[in-house]
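Scroll down for the structure; my scribbles are underneath it.
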Amino acid sequence: MSACSRLPLVQPSAIAAVRLSLVLCVAGSCVFGVSIRRVQAQPVIDQFVSSADVTTVGNCSLLRINFHVRVRYTGHFPQDHGDQLSINLQLVDREAILARRLVRREGIRVERAQSSGLQDVYLALDEAKGPVLIAQFASSVAYQVVQSGSFESIAIVIARKGPVSACKIGAFLASPPDSRGPTQKGSTIPPSSVRREGPQQSLSETDIRLIEGAMDEARAAIRKGNFSGAIAILRRLLKYPENSSSAEAQELLGVAYQKSGQTAAAQAEYEDYLRRYQSGEGNERVRQRLAAILTASSAPERPRDVPAGGPDALPIKAAAPTGETRWSVSGSASTTFITNDSTNAVKDLSTAPNPNADADAHRVHQNTLLTNIDVFGTADNDRVRTKFKLAFTHERQFDTSTDKYGVSTAQVDYTLKEADATLRVGRQSRNTGGVIGRFDGAVLSWQQSPAIRFNVLAGSPNWSRFDAPFKDNKSLYGASIDFGKILGGLETSVYLITQYDRNIIDRQAVGAEFRYFDSNKSVLGTIDYDTYFRQLNAAIFSGTYTLEDKSVFNASVDYRKVPYLSTWNALQGQPFLTLYDMMKFNTAAEIKQFAIDRTPTFESAMISYSKPLNENWQVSTDATVTNLTGTLPSGGVDGTPASGLEYYLSAQLTGNSIFAPGDLFMGAVRYASLADSNIYVLDFNSRYPVTPNLAISPRLRLGYRAGTRTDLKEYTILPSILGTYLWSKEISMETEIGYRFVDSTLANIKSTTKDLFATVTLRHDFGADGVTKCQASMVSCAWARPAALDGPSQDAGLPVKSQFSPFASYAIETGLRYWYSSGQNRYRYFADQTGTAQVSRLAYGGLTGHSGEMFFRVDALDGPFTNMFVKGYVGAGKISSGSLVDEDFAPFVNPSSKTVSSASGQLQYANLDVGFNLLEMERFRLGAFVGYHYWTETVDARGCTQLGANPVICAPALGPAVKVVTEQDHWHTGHAGIALETRLWDRLSWQAEVAYAWTRQNATDTHYFTFGRDPASGSGSGFQTETVLNYQLTDSFRLGIGGRWWHLSTDSVDSFNQLLRYTTERYGVFVQGSYKFN
């Protein structure tokens, strides 16, 4: 293998791409089909939507849609009722727009959708005005759209019968998703309850804060045994109109009465509670307390000589604290096949025809299979609330036979209700506090009072779902303070944030945000100032105002650096992969100035107006002006000119339920005046429901583009048709086919492009929920039991053994395992870090391994760590056989060489994981874990035989006793995954686990007859999976047989500053025996 010095390669500047992307962002579909952007129906991998759920109370439902990015509501249609609702949105952050994939729509899984009459919810992402959130109902309903408290969510209040004004919007918006409101109108209240029916009223923000503070006082009074004080507080609270705290207040009032000995009053409150709240997590708990009172009042007194809890004791299940947890797990899995076939013919009209030219130059643009799995789970009880979300992607490129694996979200939220503190850990998205989108790390939030919330965070920015955590050794730290509503609906935040590339400051900023909401207007503002570069990063202001006739005005003013100023911007156009490479040739001051020179400023102003003409028609219009500043030449990189002022105008007419209920028709005309051309577009779009489950959406776009500085003439025709079919409530299918024809002439050269594109998507939604007595909780049973609702303690005078039965706190399993495996380690060696010129390729294959290992698992069964587990293993062995095929390519080695050698060596590995059982039932257990994995292999290649035509290398052949190459690799890997175990029969069980892995590799390649020792280091990602089938010989001892697969891909740079791309895997079968204690 040749060790060539690095060949410098200057990458093209990214400024032109930024400008084009911004034009697409502002113009939307104004240039759709008439510029380089293509129409494709793809599933969203980096989803815009975070989660969605429905809360239903009687006839009313609240649908909440939460987003990963900040969105601004700009209007909806139809206005107040119908079987389809379209909500227009604008993306607040340009970074979110630039990160968009070319998608048609994003399907949204909604929790408990059937109770609200929802049939389908999705986000359309290729509309000209911005994203459109569409909700389809099984029948006509009344609704109201609300954006309140956050620019990362949209709420829809739904009334299946009657007007939506009958639904209490304030109580809905103040309540958590799992809360339950009052029963339907007409419920009767017994006179013995302290509560009375009255006219429906709304609560002010001041009232809500007073209620929340009083509830804290009542809980504290019950914990301290001050039952009379708690009763007084709770009776006063129950005089307020129905709100999010009413149910808990009435339950606690019953508990306070019961603990103070007033069982008749407690019984009255419990009975009234069950009449009002006929479902929900508190219903079963109150039902058991009421049963305990009724049982105690009718049961004979326990004889003095019968010990409590003994075999003859009376049942105490109803009287004991339940510690119940309401849990849910849901998600979706989708698979999409995408193909894009293009033909292109270019002809110079100034030259004679060429009879040998290909009249239809053909190229396949895309041939891809995308698979996306999205899982979301919650667990909630009186003490804690836990949520987790995992979004995993597999992308198969058939044309290049490559696979890519990515994780866009992998987070766990843990909220201690009493402390009002929340910890979120993992790969997550955040669009406040100075964080720009997705990062890997943790956020800790504490609500000190209704008016103040403190937040701290630490982690590493993540720009791609395919990137391993902490890629490029970047880190960020930040803190922010959120101030509650003041001056009506105004909320504010201040923050500071610092981002590092190892020890180099990448970004350092302070900023402020403000948000204002009321019934007819919303305002958002952001100021971000970089204290390291001493420049303003962003000043963003936008607002929406709704008139009494439902007309909506929107306006925004935007000033920001694109991208935000950071030291990494200096790498644009440079031949370096990292700042540390660049610092070998430039000073820190020069790099700082290069970053400023590479970062242009984007300025825009927009105003729009929409007005409903009647129940079926709506008209809207908007105007936008933008400017992208130029950049200065420096550091060997050319500058870019400013775009100048560019203008965008559009008008749109929308009709709903014109020919059939649920149909939709849109016609739009758009105009753009750019620096070098003018663009005109006509856009016709429709949706027609053929049956309740089948809909077709034909669309036609016509475009014309004329150059202002050149003689460019370009015509575009883009027809497409989309079909959606709801196979069932859980399964849906979507198919789109389209054709794009572009005919352009520039400088007497005629070009014709024809694109045929098609997609087929199949999506399956799944979900389950229930209530458990903490066996299936996502939190510790010790924490799940609500202290404020604990029943009376057992008789302290009884012997200890009669009060508590002995119970093991931990279960420990340990065993031995033999693993028979096969490994491959392949890497490509390039002339420099660009990965364009391949020097050589080494493939270690058939590396047969024999290893022994010891493994263990410890599960906490009781105490503060209940449901947590620790597991791991350590192993070592030898690589008995294998081969090395070493190829060197011309012109670096001429003629090319291909040699083969025998290989053998050794391997060692170790693993340690910490996890949490998310779901545990009688025959099934599901857990999540994070951990560290260490793996090292040393392989010696002996002998050398030339298989190619090179007359020098290994000619004549070297014997098997001659060591020619040694490859030594160390992988330090972090991973996160899920583990499940299920009992198939009484003594047969199955275990499986899969984890996403991110790794750091240290490799040393020693060629004894050429360049000697060549160390390299780099990072990458992959996966690790394992499965085993166990048979229980006795209650404690079991045997198992299973399989394991490790797969890692890394990019490394060696001592010659050249790129090496590794693909390493080891897989095989094992047998094991284990013994379980406790």
Original post:
Which ordering of Lys729, Lys963, Lys584 is given by a fewest-first count of other beta-carbon atoms within 10 Å?
Top reply: Lys584, Lys729, Lys963
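Which peptide among 491-497, 593-599, 397-403 comes first, and what is the full order, when sorted by highest mean count of other Cβ atoms within 10 Å? Working shown, then result.
Details: 491-497: 18.3, 593-599: 21.3, 397-403: 10.6.
In descending order of packing, they fall as 593-599, 491-497, 397-403.
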Original post:
Mean shadow of segment 675-774, computed from the convex hull of its alpha carbons, in nm²?
Top reply: 11.0 nm²
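For Thr531 and Leu645, what is the calculated FRET efficiency with R₀ set at 30 Å and r taken between the beta-carbons, to the nearest 0.05?
On the way: r = 31 Å, r/R0 = 1.04.
It comes to 0.45.
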Original post:
All other residues with a Cβ under 11 Å from the Cβ of Val885 taken together, and with Lys, Arg as +1 and Asp, Glu as -1, what is their net charge?
Top reply: +1
Original post:
Packing-wise, with mean Cβ within 10 Å as the measure, how do 977-986, 228-237 rank, highest first?
Top reply: 228-237, 977-986
Subject >> Cut-off 19 Å (backbone N to label point 7 Å along Cα→Cβ of Phe541), residues of segment 492-525 >> reply: 492-494, 511-518, 521-525
Original post:
Using the Karplus equation 6.51 cos²θ - 1.76 cosθ + 1.60 (θ = phi - 60°), what ³J(HN,Hα) coupling, rounded to whole Hz, does each residue of segment 426-443 give in order, writing x for Gly and Pro?
Top reply: x, 7, 8, 10, 8, 10, 9, x, x, 7, 9, x, 8, 8, 9, x, 9, 10
Subject >> Simple label model, 7 Å out from Cα along Cβ direction - Ser809 to Arg502, nm >> reply: 4.5 nm
Subject >> Inter-probe distance in nm under a simple model that places probes 7 Å from Cα toward Cβ, at Ala333 and His970 >> reply: 3.9 nm
Original post:
Which three extents, in whole angstrom, do the alpha-carbon atoms of segment 550-612 cover along their principal axes, largest first?
Top reply: 62, 18, 14
Original post:
So how much slack lies between Asn1057 and Leu1033, counting 0.36 nm per residue of separation and subtracting their Cα-Cα distance, in nm?
Top reply: 3.0 nm
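Sort 152-159, 944-951, 463-470 by the packing proxy (mean of other Cβ within 10 Å over each peptide's residues), most packed first. Display every interim value, and only then the final one.
Values: 152-159: 21.4, 944-951: 15.4, 463-470: 18.6.
Going from most to least packed, we get 152-159, 463-470, 944-951.
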Subject >> Other-chain or far-sequence residues with amide H under 5 Å of Ile731's (modelled H) >> reply: Asp765
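What FRET efficiency would be calculated for the residue pair Arg235, Asp862, taking the C-beta separation as r and a Förster radius of 41 Å, to the nearest 0.05?
Working: r = 38 Å, r/R0 = 0.93.
After rounding, the FRET efficiency stands at 0.60.
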Subject >> Rounded to whole Hz, the Karplus (6.51, -1.76, 1.60) HN-Hα couplings of segment 712-727, x for glycine and proline >> reply: 4, 10, 9, 10, 10, 10, 9, x, 7, 9, 10, x, 10, 9, 8, 5
Original post:
How far is it, in nm, from the label point at Asn678 to the one at Ala588 when both lie 7 Å from their Cα along the line to the Cβ?
Top reply: 5.4 nm
**OP:** Identify the residues of segment 1031-1052 with backbone N under 18 Å of a label point that sits 7 angstrom from the Cα of Arg987 along the Cα-to-Cβ direction, or state none.
**Re:** 1031-1041
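What does the charge count near Asn825 come to, summing +1 for each Lys or Arg and -1 for each Asp or Glu among other residues with Cβ under 14 Å from its Cβ?
On the way: positive: Arg826, Arg828, Arg841, Arg1061, Arg1066; negative: Asp886, Glu937, Asp940, Glu967, Asp969, Asp1005, Glu1065.
With Lys, Arg at +1 and Asp, Glu at -1, the net is -2.
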Subject >> Rounded to the nearest 20 debye, dipole of segment 870-943 from Cβ charges on Lys, Arg, Asp, Glu >> reply: 220 debye
**OP:** Taking the Cβ of each residue in Trp998, Trp446 as the centre, tally the other Cβ atoms inside 10 Å and list the residues starting with the fewest.
**Re:** Trp446, Trp998
Subject >> Partners for Lys750 among lysines (Cα-Cα distance below 28 Å; same-chain residues under 8 apart left out) >> reply: Lys347, Lys713
**OP:** Specify the inter-centroid distance of segment 537-570 and segment 590-656, based on alpha-carbon positions, in whole Å.
**Re:** 11 Å
Subject >> Within straight-line cross-link reach of Lys611, lysines at Cα separation under 25 Å, skipping those fewer than 8 residues along the same chain >> reply: Lys129, Lys521, Lys550
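Determine the gain in length on full extension of the stretch Glu217-Phe454; use 0.36 nm per residue of separation and subtract their C-alpha separation, reporting nm with one decimal.
In short, 83.1 nm is gained.
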Subject >> Extension gain, Ser464 back to Arg826 (0.36 nm per residue minus Cα-Cα distance, nm) >> reply: 127.8 nm
Original post:
Which FRET efficiency, nearest 0.05, do Ala166 and Leu416 yield, Cβ-Cβ r, R0 41 Å?
Top reply: 0.70
**OP:** May I ask you to evaluate 6.51 cos²θ - 1.76 cosθ + 1.60, the Karplus curve with θ = phi - 60°, for each residue of segment 224-238 and list the ³J(HN,Hα) values in order in whole Hz, giving x for glycine and proline?
**Re:** 8, x, 8, 6, 5, x, 5, 4, 5, 5, 5, 4, 5, 5, 6
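Readers should treat all values here as calculations from the given coordinates under stated rules, not as data from a laboratory. All of these numbers come straight from a predicted model, not from anything done at the bench. When we count neighbours, we look across all protein chains shown, and the Cβ atoms used for this are built from the backbone with ideal geometry, even at glycine.
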